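This report concerns only the one structure given below.
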Amino acid sequence: MSDVTTASLERLEYDVHGTATAVLAAGDPAAPPLVFFHGAGTWHGWGFAEPWTGRYRVLIPHHPGYGDSGDLEGLHEVHDLVLHYTELFDQLGLTGDVNLVGLSLGGLIAARFAIEQKHRLRRLVLVAPAGLRMPGVAFDDVFRIPPEELMGRLVHRMDTLVPHLPADPNDVDFTVDRYREMRTTAIMLWEQPFDRVVPRWLGRVDTPTLVVWGEEDRLVPVELARAWVELLPRGTLATFPEAGHLVLDESPEASAAVARFCGTSD
């Protein structure tokens, strides 16, 4: 697992109604919790989270069907993961004052979680979240982008990803893991890539929320950021130059902005 040792992450495992769920953890257990919901891949590491560990108890669960977690039997839609995480938060004792950060698919999951579980949250950060459309903003169907092109769409500078890619382009384990994660994503989003719940119900989320985006995002256009902010009663926007979809990986300033925002008082 890339960057686990760099970020000094401990691997924990929980049984969530029969689904083995891996959680990477670092930082003082008594520190304020910061939970990170990853995107549609677990392969590009967690180095961006290392600065958070000095201030927060960082918890990075692997979604069912991704990384070291087992598959969720009967998975059909994003709401199934909302229920999964409601139970996991209970097991972790996360009943309130949680800082929740979600990237891409994880941003959509975090938004849906906040709609139903806002009482648990102190701060919400949505990083280039997926699932929303806006008139006049067009972008490609992620499932139709050739795999060899998709990697380059994730970042502004390809050298950001090179350390996380296998030396052998035909690495079977890497390919199988990516197929599994893409298949899990497709189960939830293939037929309904645009979320029907967020536009109607995100206005319930009066939690202070920061929307973060890379200005060179070639996967989920930065033009969508304003639509997210306008749906949020207490939403603010921060964009970062020379950074793509994986803005936290490419911009230390973005990672630092997340830490500052989660530490602010009302």
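The values are calculated or read from the model by the stated rules, or taken from the named source; none is laboratory data. Because the structure is a prediction, the values reported are computed rather than measured. Positions of Cβ are backbone-derived with ideal geometry, glycine not excepted, and every protein chain shown enters the neighbour counts. Note: accessible area is taken over every heavy atom of the protein model, side chains too, but ligands, DNA and RNA are not part of it. Shrake-Rupley method; radii C 1.70, N 1.55, O 1.52, S 1.80 Å.
Using a 1.4 Å probe on the protein chains only, how many percent of the accessible area of the chain belongs to carbon and sulfur?
C and S fraction of accessible area: 50 percent.
Using the Karplus equation 6.51 cos²θ - 1.76 cosθ + 1.60 (θ = phi - 60°), what ³J(HN,Hα) coupling, rounded to whole Hz, does each residue of segment 255-265 give in order, writing x for Gly and Pro?
4, 5, 5, 4, 4, 5, 4, 5, x, 6, 9
From the helices alone, meaning DSSP H stretches of at least four residues, give me the mean residue ellipticity at 222 nm for the chain, per-run term -39500 (n - 2.57), in deg cm²/dmol to the nearest 500.
Value at 222 nm, helices only, nearest 500: -9000 deg cm²/dmol.
Which percent, nearest 5, of DSSP beta bridges in the chain are antiparallel?
30 percent
Which of these, 138, 238, 128, has the largest mean-square fluctuation under a Gaussian network model of the chain (Cα springs below 10 Å)?
Comparing 138, 238, 128 in the GNM, the peak value goes to 138.
Taking the chain as a Gaussian network, where each spring joins two C-alpha atoms under 10 Å apart, which residue of 147, 208, 252 fluctuates the most?
Highest fluctuation of the listed residues: 147.
Residue-wise, which Karplus ³J(HN,Hα) couplings in Hz belong to segment 178-183, taking 6.51 cos²θ - 1.76 cosθ + 1.60, θ = phi - 60°, and x for glycine or proline?
Working through the residues one at a time gives 5, 4, 4, 5, 5, 4 Hz.
Residue-wise, which Karplus ³J(HN,Hα) couplings in Hz belong to segment 79-85, taking 6.51 cos²θ - 1.76 cosθ + 1.60, θ = phi - 60°, and x for glycine or proline?
Calculated HN-Hα couplings, in order: 4, 4, 6, 4, 5, 4, 6 Hz.
Once you have all Cα-Cα distances for the chain, histogram them in 5 Å bins from zero and send the whole-percent values.
Distribution as computed: 1, 6, 14, 19, 21, 19, 13, 6, 1, 0, 0 percent.
Rolling a 1.4 angstrom probe over the protein heavy atoms, how many square angstrom per residue are accessible across the chain?
On a per-residue basis, the chain sits at 45 Å².
What residue among 253, 148, 215 has the largest mean-square fluctuation in a Gaussian network model of the chain, using Cα springs under 10 Å?
148
For residue 237, which sequence-distant residues (separation of 5 or more, or a different chain) have an amide H within less than 5 Å of its own amide H, given hydrogens modelled in the peptide plane?
Amide H to amide H, under 5 Å and 5 or more residues apart or across chains, residue 237 pairs with 211.
Restricting to Cα atoms and excluding each atom paired with itself, what does the Kirkwood estimate give for segment 1-110 in Å?
With all distinct Cα pairs of segment 1-110 included, I get 13.9 Å.
Would you grab the residues whose amide H sits under 5 Å from the one on residue 215? Only those 5+ places off in sequence or on another chain, please, with H modelled 1.01 Å from N.
Correct list: 240, 242, 243.
In segment 193-266, what chymotrypsin sites (Phe, Trp or Tyr not before Pro) fall in a loop by DSSP, with at most 15 other Cβ atoms inside 10 Å?
Passing sites in segment 193-266 are 194.
Given H placed on each backbone N at 1.01 Å, which residues far from residue 122 in sequence or on other chains put an amide H within less than 5 Å of it?
The list, which skips near neighbours in sequence, is 97, 98, 99, 100.
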